[in-house]
Amino acid sequence: MDAYDRLQQELRAHPHARLVAVSKTKPVEQILALYQRGQRIFGENKPQEMAQKQALLPTDIDWHLIGHLQTNKVKLIAPFVGLIHSVDSLRLLMEIDKQAQRFERTIPCLLQIKIAQEESKFGLAPEAAMALVADPQRAKLVNAPLVGVMGLATFTEDTTQIKEEFALLQQVFQQLKTTFFAADPSFRECSMGMSDDYPLALEAGSTMIRIGTLLFGQR
Ligand SMILES: *Cc1c(COP(=O)(O)O)cnc(C)c1O
C-alpha cells in the first residue's frame, strides 16, 4: 500500500473531496503510471508545461491549472483546461472567458483567496473577492463560470494557524455562496490542502486536495 492507496482510503471518509495529483516538474511517465491506476485529475502550475504534457498524454485527463496565471498565457491552455484554480482579477477572468468562447467551450474557475499571513502569496483579500463577484461585468462571463474558491495556508508547523486559515477560506466560500450563488449548485468547490496539511483541510470541508510531494516525491 503506497501513498496513492492511502489517500484514496482517506478520501472514502470524505466523499465530497477529490484528489488533484500535482505533477508539476514531473515527467509524463510518472503521470501515466498514476493514470493507469485510475487517477484522472492532474494539476500543473505552468501553462506551457501543462500544454506540452497534455499533447503527450490521454485526452480524458482533467487538467487543472493551480499556479499563478498571466493573461497572455491563457490561450496556451484554453483548448483543454478543465478548471483554473488561481483567478485573482476580473481582467484575468475576462480573458479566460474570451479564450473559452474562441474554442467554443466553458472553463470553470475558482477565485484564489489570500488566507495566509505570509506576504508572498497570490490571491484576493476576502473583500476584494466579494467585490469582484458583485461586479456587473462578471455575471456576463458565461464561458468562465465561477465554481468556488482556492487558498494556500501558511507554510508553518503551527496547526492552530493553519486551521484558522482553512476556516477563513470555508467562511469566504459560504459567504460568496449565500450572497451570490444561492441558486447555483455548481458553485461548490473549496480547494484547499497540500501534502503537509491536507488532513486539516479535509476536516475544514475541502472539496479538492492538491497533492504533489506525497504522490511523486520531492521536486
Ligand atoms: C505545488 C503546489 C501544490 C502541491 O504541493 P505539495 O506540497 O507538493 O503537495 C498544491 N497547490 C499549489 C498551488 C501548488 O503550487
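Simple spin-label estimate for Thr106 and Thr178 gives 2.6 nm between the two label positions (7 Å along the Cα-to-Cβ direction from each Cα).
Three semi-axes describe the equivalent ellipsoid of the stretch 1-91; taken as square roots of 5 times the Cα gyration tensor eigenvalues and ordered largest first, they are 24, 16, 10 Å.
Treating the chain as a set of equal point scatterers at the Cα positions, no solvent, please give the Debye-formula log₁₀ I(q)/I(0) at q = 0.15 Å⁻¹. Taken in order of the listed q values, log10 I(q)/I(0) reads -0.98.
Think of each Lys and Arg Cβ as +1 and each Asp and Glu Cβ as -1; about the Cα centre, that makes the dipole of the stretch 1-102 roughly 200 debye. Does the stretch 55-171 classify as rounded, prolate or oblate by the C-alpha gyration tensor (a ≥ b ≥ c root eigenvalues; a/c under 1.5 gives rounded; else a/b over b/c gives prolate, otherwise oblate)? Cα axes put the stretch 55-171 in the oblate bin.
When Rg and the Kirkwood Rh are both derived from Cα coordinates, the Rg/Rh ratio for the stretch 162-210 amounts to 1.01.
Within the chain, the whole DSSP H helices whose Cα atoms reach 24 Å or more along their own axis and whose mean Kyte-Doolittle score is at least -0.5 are 159-180.
Summing Cβ point charges (Lys, Arg +1; Asp, Glu -1) relative to the Cα centre of the chain gives a dipole of roughly 760 debye. Pairs from the list Lys24/Lys163; Lys73/Lys98; Lys46/Lys114; Lys46/Lys163 with a Cα-Cα gap above 23 Å: Lys24/Lys163; Lys46/Lys163. Close amide H pairs (under 5 Å, H built 1.01 Å from N) link Val22 with Gly43, Ile211, Gly212, residues at least 5 positions away or on another chain.
Count neighbours as other Cβ atoms within 10 Å of each site's Cβ, and list the trypsin sites (Lys or Arg not before Pro) in the stretch 110-201 that are DSSP loop with at most 14 such neighbours.
Sparse-neighbourhood loop trypsin sites (Lys or Arg not before Pro): Arg188.
Based on Cα contacts under 8 Å between residues 6+ apart, the stretch 111-152 shows a relative contact order of 53 percent. Considering only Ser89, Gln175, Asn143, and ranking their Cα positions along the charge dipole of the chain that arises from unit charges at the beta-carbon of Lys, Arg, Asp and Glu, the one farthest toward the positive end is Asn143.
Taken together, the values in this text are just the output of simple stated rules run on the coordinates, not laboratory data. None of the values given here were measured: they were computed from a predicted structure. As a convention, Cβ positions derive from the backbone with ideal geometry for all residues, glycine included, and neighbour counts pool all protein chains shown.
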